[in-house]
Amino acid sequence: MNPVNKTAQQKSVTNVNAIQWQDGILMLLDQRVLPEKVVYLQLSNVKAVAEAITDMVVRGAPAIGITAAFGVVIAARDRLHGSGAWSESVKKAVFDDIELLAAARPTAVNLFWALARMKSLIEACSETQSSETESSVTESSANDDIVDKLLDEAKNIHQQDIAANHLMGGLGAELLTKPCNVLTHCNAGALATGGYGTALGVIRHAHKAGKINHVYADETRPWLQGARLTAWEMKQEQIPVSLLVEGAAAHLMKLGRVQWVIVGADRITANGDAVNKIGTYSLAVLARHHGVKFMVVAPTSTIDMQTATGDDVVIENRAAAEILTFSGKCIAPEGVNAWNPAFDVTPASLIDAIVCEKGVILQPGSEKMSSMANRSYLIDSR
Ligand code: MRU
């Protein structure tokens, strides 16, 4: 990965895209060093793309999916370059690369959704390609065609995610009936998506409509997505924001200082359970106890109708070192163990509203989820 320093420190975040495809190169904003530094890494091969996902250069369910889609473009281009012509063995090698990307992180379903979409395009292209090479089409133009089509698909996935975020922003903001304070967790903003954000998309939209007085952002241990990323996004758009440690949420709610919790999701299962950043479940329990409303905002690419409940989802466990150290310094006695699950499951019964680009589900459950899944898209997906 080659770092490219940008002097964009104070550029509006809506102009700073987490994922960029420029002149055939995938550039990722290194989210590990924000807000101190704005650095883009150039990803030149599929292994580097998978590592960037695992190592949190790029994070957030939709952003992971979009990045993986571009990773497939790089894989196809490299495999073709190495062998000269598309064949069953090239296809197999690209499918192996897809497996490598799929193993990068286990919880966000957007990763598997985007890879499945790229894989089915490869299958379709392979069939067309074999019939074309039997006719007069030259081998090299057919090869270019596959890579171009994969690139178009990755760009579509990216653009459709941005469009979905804007739709969700409007739908979610409508649920806020009067100006209020909201609490959010982790970062479900422009940085975690194709752009604009899911939870932060709703907050952006509602703030513009005069419905947000103040945003409270959980710092979100151990990666501090709330402190480093959400606070950064809010500050750049002059949306009033206060940071708090996760442990302060109960006190905040007891004091009546927040009316809605608005979060994103890494996966929403067929019964309406939402898997999201560790600590989300605690917020949902607290919200119900204190009469605070709880909204989950996520595109349909985050909805997994194949998985029955949140308890069936693989929860990523990350390295103990992430919580035993801070800024590279040991903060616990040597030899101490740590348990570091990255996500938890909020049961549907604690969720007041799920907002996706197809609409809003109030008091979600299996029936409402399947009728939403069967609804046609608000966005024309082709
Ligand atoms: O570990 P992360 O930073 O990838 O976790 C991100 C979250 O939990 C987000 O809330 C979720 O992916 C939704 S992003 C729109």
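The values are calculated or read from the model by the stated rules, or taken from the named source; none is laboratory data. What you see is a predicted model; the values in this text were computed from it and never measured. Every residue, glycine as well, gets a Cβ built from its backbone with ideal geometry; the counts of neighbours run over all protein chains shown.
Tell me which of these C330 doesn't satisfy, since it passes every other one: (1) surrounded by 14 or more Cβ atoms within 10 Å (Cβ to Cβ); (2) away from the ligand (no atom under 13 Å from the Cβ).
Looking at each condition in turn, C330 falls short on (1).
Just need a number here: residues in segment 151-166 that are surrounded by 20 or more Cβ atoms within 10 Å (Cβ to Cβ) and among the hydrophobic types (A, V, I, L, M, F, W, C).
Adding up the residues that qualify gives 3.
Being small (G, A, S), away from the ligand (no atom under 16 Å from the Cβ) and assigned to a helix (DSSP H, G or I) is the filter here; which residues of segment 174-219 pass it?
Taking segment 174-219 and keeping what is small (G, A, S), we get 188-190, 192, 194-195, 197, 199, 201, 206, 209-210, 217.
Right, trim to away from the ligand (no atom under 16 Å from the Cβ) and you get 206, 209-210.
Passing the criteria: only A206.
Only one residue in I64, I53, I25, I19 is in contact with a strand residue (DSSP E or B) (Cβ under 8 Å, 6 or more places away or on another chain) and within 15 Å of the ligand (Cβ to nearest atom), so which one is that? Walk me through it before giving the result.
Working: I64 fails: in contact with a strand residue (DSSP E or B) (Cβ under 8 Å, 6 or more places away or on another chain); I53 fails: in contact with a strand residue (DSSP E or B) (Cβ under 8 Å, 6 or more places away or on another chain); I25 fails: within 15 Å of the ligand (Cβ to nearest atom).
Of I64, I53, I25, I19, the one residue that is in contact with a strand residue (DSSP E or B) (Cβ under 8 Å, 6 or more places away or on another chain) and within 15 Å of the ligand (Cβ to nearest atom) is I19.
Please list, ordered by first then second residue, the pairs with beta carbon atoms under 6 Å, 6 or more apart or interchain, first in segment 83-95 and under 22 Å from A50 (Cα atoms), second of a type in the set (G, A, S) and surrounded by fewer than 13 Cβ atoms within 10 Å (Cβ to Cβ).
If the second residue must be of a type in the set (G, A, S) and surrounded by fewer than 13 Cβ atoms within 10 Å (Cβ to Cβ), no pairs are left.
Listed residues E127, E153, E132; which is within 29 Å of Y377 (Cβ to Cβ), assigned to a helix (DSSP H, G or I), modelled with pLDDT under 95 and of a type in the set (D, E, K, R)?
Details: E153 fails: modelled with pLDDT under 95; E132 fails: within 29 Å of Y377 (Cβ to Cβ).
That would be E127, the only listed residue that is within 29 Å of Y377 (Cβ to Cβ), assigned to a helix (DSSP H, G or I), modelled with pLDDT under 95 and of a type in the set (D, E, K, R).
Here are the criteria: (1) in contact with a Phe, Trp or Tyr (Cβ under 6 Å, 6 or more places away or on another chain); (2) over 19 Å from L151 (Cβ atoms); (3) away from the ligand (no atom under 16 Å from the Cβ); (4) not basic (K, R). Tell me which single one T107 does not satisfy.
T107 satisfies all of (1) in contact with a Phe, Trp or Tyr (Cβ under 6 Å, 6 or more places away or on another chain); (2) over 19 Å from L151 (Cβ atoms); (3) away from the ligand (no atom under 16 Å from the Cβ); (4) not basic (K, R) except (3).
Sort through D148, D144, D161, D152 and tell me the only one that's within 11 Å of the ligand (Cβ to nearest atom) and among the acidic types (D, E).
That would be D161, the only listed residue that is within 11 Å of the ligand (Cβ to nearest atom) and among the acidic types (D, E).
For segment 238-312, list the strands (runs of 3 or more DSSP E) that sit wholly inside it and hold at least 3 residues that are crowded, with 19+ Cβ neighbours inside 10 Å and either more than 18 Å from the chain's Cα centre (by Cα) or touching a residue at least 12 places away in the same chain (Cβ under 8 Å) (or both); which are they? First the steps, then the outcome.
Numbers: elements: 241-244, 260-263, 267-269, 274-277, 293-297.
Once the strands (runs of 3 or more DSSP E) in segment 238-312 are filtered for at least 3 residues that are crowded, with 19+ Cβ neighbours inside 10 Å and either more than 18 Å from the chain's Cα centre (by Cα) or touching a residue at least 12 places away in the same chain (Cβ under 8 Å) (or both), what remains is 260-263, 267-269, 274-277, 293-297.
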